[in-house]
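To start, the structure under review is shown below, and the notes come after it.
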Protein chains: 2
Amino acid sequence: MEAIQHKGLPLKASCGGKGTCGDCVVLIKEGAYAKKSSAVLPDRLVNQGYALACQTLITDDLIVQLPQFEELLIKSVVRSEFVEKNKKDISGTYAHDPALKSIALNLPQPTLEDNYSDFKRVERQLVQHTGSKDFSLPYSVLKNLAHTVRQEQGQIHVTYFDDPSQASIVNITPASATERVFGLACDIGTTTVALYLVDMANGDIIETASSLNQQIKCGEDIISRINYSQKPGHLKELQDLIMITINRLIETVTQRAGTSSQDIYCASISGNTTMIHLLLTLEPNYIREEPYVPTFNRVPLLQAKDIGLRMNPEARIYCAPSVGSYVGGDITAGMLCTPMLKEADKTSLFIDAGTNGEIVAGNRDWLMTCACSAGPAFEGGGIRCGMPASSGAIEQISLSESGKLNYKVINGIKPKGLCGSGLVDLMAELFTHGNIDRHGKFNAPKTRDRIYHSQNGLAFLVEEAQNTFWGKDIVITEKDISNLILTKGAVFSACSLLLKSVGLDFHEIEALYIAGGFGRFLDVDNAIRIGLLPDLDRDKFHYVGNSSLAGAYLILRSEQNKSLTEEIAEKMTYIELNTEPRYMNEFTGSLFLPHTDMDLFPSVQKLFDSHTKESI
Amino acid sequence: MEAIQHKGLPLKASCGGKGTCGDCVVLIKEGAYAKKSSAVLPDRLVNQGYALACQTLITDDLIVQLPQFEELLIKSVVRSEFVEKNKKDISGTYAHDPALKSIALNLPQPTLEDNYSDFKRVERQLVQHTGSKDFSLPYSVLKNLAHTVRQEQGQIHVTYFDDPSQASIVNITPASATERVFGLACDIGTTTVALYLVDMANGDIIETASSLNQQIKCGEDIISRINYSQKPGHLKELQDLIMITINRLIETVTQRAGTSSQDIYCASISGNTTMIHLLLTLEPNYIREEPYVPTFNRVPLLQAKDIGLRMNPEARIYCAPSVGSYVGGDITAGMLCTPMLKEADKTSLFIDAGTNGEIVAGNRDWLMTCACSAGPAFEGGGIRCGMPASSGAIEQISLSESGKLNYKVINGIKPKGLCGSGLVDLMAELFTHGNIDRHGKFNAPKTRDRIYHSQNGLAFLVEEAQNTFWGKDIVITEKDISNLILTKGAVFSACSLLLKSVGLDFHEIEALYIAGGFGRFLDVDNAIRIGLLPDLDRDKFHYVGNSSLAGAYLILRSEQNKSLTEEIAEKMTYIELNTEPRYMNEFTGSLFLPHTDMDLFPSVQKLFDSHTKESI
């Protein structure tokens, strides 16, 4: 524990290192160590190499895997099934037509009659074999050109960006040195970072990976990160942490793909405005202070060497444009993933419920947007047994009348915790069956056999220790429920206010696209029942998953999507909730299950009426 | 001497540190030292702080000025009088219309109603105040933008390149931080480096400076530098040396101008192909080896930070394009300084007699060029008492029938040595008066009272020790004369062959433009008399001076000149003398005074005839 903390790596320890909470479990992959006995960790896990960091004495060099660096999300959560199923209907194009191109050339040997310069000889062939006429060259490539073109008797491989005004060479290698060129799509979330390694020849996603944003130890949400950044050296620290996060993920995907990070020539990055400011070490303070002015909306094209990304130093880094301080490139890129912009006479709502919640309403002709501070509850953050949608997460759950819980675990192993979709299900079931009341408080008589006083307050037992992966009870506490209500309330009230501000009613919305880190599925009925989503026809709802990442990927596939994203950013009208007096009223009304105004949720009312009848 | 050599700085010491040659004289500007007695240095100089490095013991921290870092050329030599007098007639435009622009802006304070991003706010004002619509921004400027725009309540200063496709911001500072923006024109010669500091607002030359190319200790000409570069680490060493040279000159001019090198935003560099390869650490070996292929002709636009030039890191570095391995940007830039390209039905000859000699023949419709290895004799290199055209150089000299020498010294002080124009005069006078014969050998009886055997062989006394600045005889040796004959022979034979190859005769040339490091003047009669220049009507000759530097300066003034230089490079047809069998014949014929074929020099023949008559 001391060694890990000394390195500045994030590791929870609720009990303060007494060996009782079990938070600090790590996997020791190599090396000898002495362990104190601990009742918290089952023998089965100890035998597999798991240990509590706070109860482990180092007696050798160790290779230790922290839970944060374990694979965070399963592949089917990182990839958006919605986008893959609706390729033709989404607003962005799915055509693969990137600016990055790659070509093998065979330069004829120079003679006294044909002794043009090395660069001219390359350029001449490029003009012959491509549509472009004028090629620029970075200094790093020029520097080795004389050797490169002679190493394999003129057999070379040229990688370039085929821009309309001028083609820009990004690398020239001897032909045998390079086989494939790769791109990176990356979503930098406040809580989670996820990326794709993409083969730029055909657009195939070769590998995916995700992990926690290592900045999380400096604050769970945007505002606390900005606060943290204000002390000397802290802004650079935050940049270092996001670089560590992304560079480790790049290492992971390139190792798995058996390739080199030097062969990655472009990255498309989406993230909220604050995350991109921190990525670029830009002062984020004015995002937080009225009148909320970010440094940029449209980020200039950068190079990997500018910020230290582990890829080819000349690689191009594109960040999706922001609309304002609280609606960022994650949303503008995400908009590519829905049919919203294709629809002229149909108004849709787009809801991205991440650590920050962002809402967009509109159609092909107009777009309105706003943001709210939701918190990371649906991504498993701030919830006692919350976790991301990875192996061992309870992703679906139901409660029978008899009080028996049925659940489904990702990968079918013993459960480790609950991911977003599981939490929505659990809340809805507890509420429907009267185990919690409209304030989110436990109905003790109804649930007495499953409720107990834990060190985290009143807790509802989901699964007992002996049946769980970590050998610890999986519970949901009253505090967890309160957090989840705050989160769903923030999102719902923002939706409601946004529509009111354009004079629309929820019923005039003809499609709702839900994005966020819930997991593979989101049970819409349950989400409505807890008041997260409005009570509309169920077939209007579409779960998009991580639209920010899918959008970044679409941008990587085609320059056309890049232009469209810029257009979207220009087009969106941003409403500032921070200075909107009606927002607090809306929010307060949402802090009940499903809402203070039950008329807004007729289907939930109906369910309760039928329950009441049954009990009569 | 040891300390200087340890630092790798160049300092001659012909006598091997015995204190007898006086080559290693330095100026000690600060600090205490002990000196051994030396007869070589006059007391007057010792009292001024001059010392022989090899006879000086260090007893304190010293600040020492090496002769190589002394002001090399006087201002009127660095600037081209020809270009300044013929602004309207030269091929390049003298209009000041650079891409680099600078503007003061006053950003209105952001409000909740107008809370666009910092960059957008800057861009909005830029669009209002300039003709451009789209602005790019480097990462280094973006990084501090939030602070920059707030430091002086929105009063800022923006420096940008106004390119046709997109305007590129290069710096944004608080308004009070920057007053002026500067540019640099720089000529990198094999022997001499010279530059201008230019006020980019109006194109005025604020300061000039020049020094020896510090690479000189690694070889005096191009081929020996390339040979030197082939050992491990030597290419980088050569780059370091040219960087030291240029960066010291930049320091000199910025200190004198009372400005910061950070305010220099663009540089226009001209140099021969090898010099530019060494500047950029590009492998120069293939320039030397058949089929003589350089890495580039057209150099991509670089940034100061790429190569480590002491200016704003984002500053643009433009290098004038080459034609081939032996005709470089010094020539293409130099062509801007003559009317050659304006003349349609008049064929001109352009001769640049530097360390390498380059010749161009042609007019508006066609241009032919070739190069020869001339050696640095006319720049004072390889000549016992040769020196650049700086304070103390004998720049004009004449010999009376009685054998009395009359000379003119730059700045009117005691003479230090002979610059190019003085050497041409001296050779011509010695030859005309029969002190040397057609082979360049001394006619002993004729000159007996001025000829003696020195440690450098037979020497002709120009001025005796007691009347010279350094208190040492100023002489010209038979070896010096032989070197000068090789140099003039190389230049003349190249001119002759170039014209023959296009079927022209010298008499068909209607104007000759002479460039090179001779000094302020070049006596055309004398240059013809020694066979350096062809025997044509005197009013056809124009002495341009350092046309490479003047051309680099014209490029700095206007993008139009940049395009024209690129056009010139494309247009020129290069003839390779290295593989031309007739060249050796031509060259051998030129190794006499003035030439083996006296019919080529009728005016010289006439002079001799009249002399002969007189003596009869």
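Is it the case that some residue within region B:432-448 is under 29 Å from B:C24 (Cα atoms) and among the aliphatic types (A, V, I, L, M)? Break it down stepwise before answering.
Initial filter on region B:432-448 (under 29 Å from B:C24 (Cα atoms)): none.
Scanning region B:432-448 turns up no residue that is under 29 Å from B:C24 (Cα atoms) and among the aliphatic types (A, V, I, L, M).
Can you confirm whether A:L241 is within 23 Å of A:M311 (Cβ to Cβ), of a type in the set (A, V, I, L, M, F, W, C) and at pLDDT 95 or above? Taking the combined requirement at face value, the residue does not satisfy it. Here is the figure for region A:562-597: residues that are among the hydrophobic types (A, V, I, L, M, F, W, C) and surrounded by fewer than 14 Cβ atoms within 10 Å (Cβ to Cβ) total 1. For region A:378-392, the set of residues classified as crowded, with 23+ Cβ neighbours inside 10 Å and either over 27 Å from A:F492 (Cβ atoms) or over 17 Å from the mean Cα position of the chain (by Cα) (or both) consists of A:I383, A:C385, listed by residue number. Looking only at residues in region A:137-165 that are touching a Ser or Thr at 6+ places or on another chain (Cβ under 7 Å) and assigned to a loop (DSSP other than H, G, I, E, B), the one that is nearest to the other protein chains (Cβ to nearest Cβ) is A:S165.
Here are A:N483, A:N411: which of them is assigned to a helix (DSSP H, G or I) and at positive phi?
Residue meeting the stated conditions: A:N411.
Confirm whether B:I4 is over 22 Å from B:I383 (Cβ atoms), modelled with pLDDT of 80 or more and touching a helix residue (DSSP H, G or I) at 6+ places or on another chain (Cβ under 7 Å).
Numbers: over 22 Å from B:I383 (Cβ atoms): yes; modelled with pLDDT of 80 or more: yes; touching a helix residue (DSSP H, G or I) at 6+ places or on another chain (Cβ under 7 Å): yes.
Criteria met by B:I4.
Residue check: is A:N106 more than 9 Å from chain B (Cβ to nearest Cβ), under 37 Å from the mean Cα position of the chain (by Cα) and either closer than 30 Å to A:L522 by Cα or at pLDDT 90 or above (or both)? Let's see the steps before the verdict.
On the way: more than 9 Å from chain B (Cβ to nearest Cβ): yes; under 37 Å from the mean Cα position of the chain (by Cα): no; either closer than 30 Å to A:L522 by Cα or at pLDDT 90 or above (or both): yes.
So A:N106 does not fit the description; no.
Restricted to region A:474-487, and to residues there that are touching a residue at least 60 places away in the same chain (Cβ under 8 Å) and touching a strand residue (DSSP E or B) at 6+ places or on another chain (Cβ under 8 Å), the residue that is farthest from A:C370 (Cα to Cα) is A:I474. Residues that are surrounded by fewer than 22 Cβ atoms within 10 Å (Cβ to Cβ), within 11 Å of another protein chain (Cβ to nearest Cβ) and assigned to a strand (DSSP E or B) within region B:260-319 comprise B:L302, B:Q303, listed in sequence order. For beta carbons closer than 7 Å, sequence separation of 6+ or different chains, a first residue in region A:305-326 that is touching a residue at least 40 places away in the same chain (Cβ under 8 Å) and at positive phi and a second that is among the polar types (S, T, N, Q) and in a strand (DSSP E or B), there are no qualifying pairs. Within region B:476-511, restricting attention to residues that are surrounded by fewer than 24 Cβ atoms within 10 Å (Cβ to Cβ) and basic (K, R), which residue is farthest from B:N456 (Cα to Cα)? Applying the filter and picking the extreme gives B:K500. Would you check which residues across region A:427-446 are closer than 14 Å to A:K479 by Cα and surrounded by 16 or more Cβ atoms within 10 Å (Cβ to Cβ) and list them? Those that are closer than 14 Å to A:K479 by Cα and surrounded by 16 or more Cβ atoms within 10 Å (Cβ to Cβ): A:M427, A:I436, A:G440, A:F442.
Just give me the residues in region A:195-247 being at positive phi and either under 19 Å from the mean Cα position of the chain (by Cα) or touching a residue at least 40 places away in the same chain (Cβ under 8 Å) (or both), in sequence order. Please lay out each step first, then the result.
First pass over region A:195-247, keeping only residues at positive phi: A:203, A:219, A:233.
The answer is A:G203, A:G219.
Yes or no: B:I226 out of contact with any strand residue (DSSP E or B) (no Cβ under 7 Å at 6 or more places or on another chain) and buried (at least 22 other Cβ atoms within 10 Å of the Cβ)? So B:I226 passes the test. Annotation: of all residues in region B:115-136 being facing chain A (nearest Cβ under 8 Å) and in a loop (DSSP other than H, G, I, E, B), the one that is nearest to B:D263 (Cα to Cα) is B:S117. So in region A:323-351, with the set limited to residues that are among the hydroxyl-bearing types (S, T, Y) and away from chain B (no Cβ under 14 Å), which one is surrounded by the fewest Cβ atoms within 10 Å (Cβ to Cβ)? So, considering only residues that are among the hydroxyl-bearing types (S, T, Y) and away from chain B (no Cβ under 14 Å), the one surrounded by the fewest Cβ atoms within 10 Å (Cβ to Cβ) is A:T347.
Kindly indicate which of B:I250, B:I264, B:I246 is within 27 Å of A:A146 (Cα to Cα) and in the same structural domain as B:C186 (by TED's automatic domain parsing).
B:I246
For B:G471, the conditions (1) small (G, A, S); (2) closer than 19 Å to B:L430 by Cβ; (3) touching a Leu at 6+ places or on another chain (Cβ under 8 Å) all hold with the exception of (2). Evaluating A:Q65 against the criteria (1) within 14 Å of chain B (Cβ to nearest Cβ); (2) under 30 Å from A:E30 (Cα atoms) leaves one unmet condition, (1). Any residue that is within 14 Å of chain B (Cβ to nearest Cβ), more than 25 Å from the chain's Cα centre (by Cα) and part of a loop (DSSP other than H, G, I, E, B) - is there at least one of those in region A:166-178? Looking through region A:166-178, at least one residue is within 14 Å of chain B (Cβ to nearest Cβ), more than 25 Å from the chain's Cα centre (by Cα) and part of a loop (DSSP other than H, G, I, E, B).
The numbered conditions (1) surrounded by fewer than 17 Cβ atoms within 10 Å (Cβ to Cβ); (2) at pLDDT 95 or above; (3) at the interface with another protein chain (Cβ under 8 Å from one of its Cβ atoms) are all true for A:L112 except (2).
Residue count for region B:97-108, restricted to those that are part of a loop (DSSP other than H, G, I, E, B) and surrounded by 12 or more Cβ atoms within 10 Å (Cβ to Cβ): 3.
Here is a check on your reading of the model: is A:C372 more than 14 Å from every other protein chain (Cβ to nearest Cβ) and either crowded, with 23+ Cβ neighbours inside 10 Å or among the hydroxyl-bearing types (S, T, Y) (or both)? Yes; evaluated as a whole, the condition is true for this residue.
Could you please let me know if A:S421 is touching a helix residue (DSSP H, G or I) at 6+ places or on another chain (Cβ under 8 Å), buried (at least 18 other Cβ atoms within 10 Å of the Cβ) and of a type in the set (S, T, Y)?
Working: touching a helix residue (DSSP H, G or I) at 6+ places or on another chain (Cβ under 8 Å): no; buried (at least 18 other Cβ atoms within 10 Å of the Cβ): yes; of a type in the set (S, T, Y): yes.
In short, no.
The values are calculated or read from the model by the stated rules, or taken from the named source; none is laboratory data. What you see is a predicted model, and the numbers here were worked out from it, not measured in a lab. Positions of Cβ are generated from backbone atoms using ideal geometry, with glycine treated the same way; all protein chains shown enter the neighbour counts.
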